[in-house]
Amino acid sequence: MITIIGTSHISKESIQSIKKFVEEEKPEIIALELDQQRAASLMDNNKRRISINTIPKIGIKGYLFALIGQYIQGKLGKIIGTAPGSDMKTGLLLARKHNLKIALIDQPIEMTLRNFSKSLTWKEKFRFFGDILMGLLFPKRQIQKYGLDKIDLKKVPEKEVIKKMMNELKERFPNVYKSLVSDRNKYMIKNLIGLQRANPDKKILVIVGAGHEDGMKELLRKIDVL
């Protein structure tokens, strides 16, 4: 009764996949990789950048990471003509259109960024800024290193590319991987299980970034075995 779709937050292909699933499978609940704050921001036409006033809550490292992430997604979105978060916004709009229940299953963004700030080690900091520097000096080499040359921004990356990128993140930045990926996978699965138990006969569509898809499916399989 739970179907997880891994998306790219700026991919037109993701939008079409979501629309097709809703039209053909007719889920009764749409669960999204969002919290209340991000959902409200997506539906607000006046997009605002993360405020410097949030630093006491999320830490300077979390603030800088969010700022860089917003900048990169914004640039990539302009290249292909799709606003960042269009996949999640599509889910919200479809739920509203078809009168479906919405479940925001991700942990609060402030918690994620605060955990990121606390867990980032000096070793990971140096690697992080080293990668940025190498990207500026030798962009083609870095693009090939991480398999980004194989990515069509208009589509969801192939499974092999996503797996390679996740493994690279886990190996080089284990604490970043934990705070941004694995801890959130567990948080979202916990919310999903609660949602399913409260709605045992309802079909649930789960929309998450492609980097979360395999990890969340693996957690679900483990729960099914117990």
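The values are calculated or read from the model by the stated rules, or taken from the named source; none is laboratory data. Small disclaimer: the values here were computed from a predicted structure and weren't measured. As a convention, Cβ positions derive from the backbone with ideal geometry for all residues, glycine included, and neighbour counts pool all protein chains shown.
Pull out all pairs, ordered by first then second residue, where Cβ-Cβ is under 6 Å, the residues are six or more apart or on different chains, the first lies in the range 4-30 and is under 16 Å from Lys202 (Cα atoms) and free of Cβ contacts under 8 Å to residues at least 12 places away in the same chain, and the second is β-branched (Val, Ile, Thr) and buried (at least 22 other Cβ atoms within 10 Å of the Cβ).
Matching pairs, first to second residue: none at all.
Restricting to the range 196-226, count the residues that are within 19 Å of Met111 (Cβ to Cβ) and touching a residue at least 60 places away in the same chain (Cβ under 8 Å).
5
Would you mind finding the one in Arg96, Arg127 that is surrounded by fewer than 20 Cβ atoms within 10 Å (Cβ to Cβ), part of a helix (DSSP H, G or I), in contact with a strand residue (DSSP E or B) (Cβ under 9 Å, 6 or more places away or on another chain) and not hydrophobic (A, V, I, L, M, F, W, C)?
Every option except Arg96 fails the conditions.
If Ile79 satisfies all but one of (1) at pLDDT below 75; (2) under 19 Å from the mean Cα position of the chain (by Cα); (3) β-branched (Val, Ile, Thr), what's the number of the condition it fails?
Unmet condition: (2).
Within the range 176-226, take every residue that is among the acidic types (Asp, Glu) and more than 13 Å from Ile4 (Cβ to Cβ) and give me the one that is surrounded by the most Cβ atoms within 10 Å (Cβ to Cβ).
Of everything passing the filter in the range 176-226, Asp183 is surrounded by the most Cβ atoms within 10 Å (Cβ to Cβ).
Can Gly91 be described as on the phi > 0 side of the Ramachandran plot, at pLDDT 80 or above and crowded, with 19+ Cβ neighbours inside 10 Å?
On the way: on the phi > 0 side of the Ramachandran plot: no; at pLDDT 80 or above: yes; crowded, with 19+ Cβ neighbours inside 10 Å: yes.
For Gly91, the condition - on the phi > 0 side of the Ramachandran plot, at pLDDT 80 or above and crowded, with 19+ Cβ neighbours inside 10 Å - is not met.
Among the residues of the range 130-158, which ones are assigned to a helix (DSSP H, G or I), modelled with pLDDT of 70 or more and surrounded by 14 or more Cβ atoms within 10 Å (Cβ to Cβ)?
Within the range 130-158, just Asp131 meets the criteria.
Give the residue, chosen from Glu28, Glu33, that is touching a Gly at 6+ places or on another chain (Cβ under 8 Å), modelled with pLDDT of 95 or more and either over 16 Å from Leu94 (Cα atoms) or of a type outside the set (A, V, I, L, M, F, W, C) (or both).
Residue meeting the stated conditions: Glu33.
Kindly indicate which of Ile5, Ile15 is in a helix (DSSP H, G or I) and in contact with a Ser or Thr (Cβ under 7 Å, 6 or more places away or on another chain).
Answer to the selection: Ile15.
Which members of the range 188-226 meet the condition of being in a helix (DSSP H, G or I) and either within 25 Å of Lys125 (Cβ to Cβ) or among the acidic types (Asp, Glu) (or both)?
Correct list: Gly211, His212, Glu213, Asp214, Gly215, Glu218, Asp224.
May I ask you to verify whether Val161 is surrounded by 14 or more Cβ atoms within 10 Å (Cβ to Cβ), modelled with pLDDT under 90 and within 19 Å of Ser14 (Cβ to Cβ)? Steps first, please.
Details: surrounded by 14 or more Cβ atoms within 10 Å (Cβ to Cβ): yes; modelled with pLDDT under 90: yes; within 19 Å of Ser14 (Cβ to Cβ): yes.
So Val161 fits the description; yes.
Give just the number: which of (1) of a type outside the set (Phe, Trp, Tyr); (2) closer than 17 Å to Thr82 by Cβ; (3) under 18 Å from the mean Cα position of the chain (by Cα) does Ile50 not satisfy?
So the condition that Ile50 fails would be (2).
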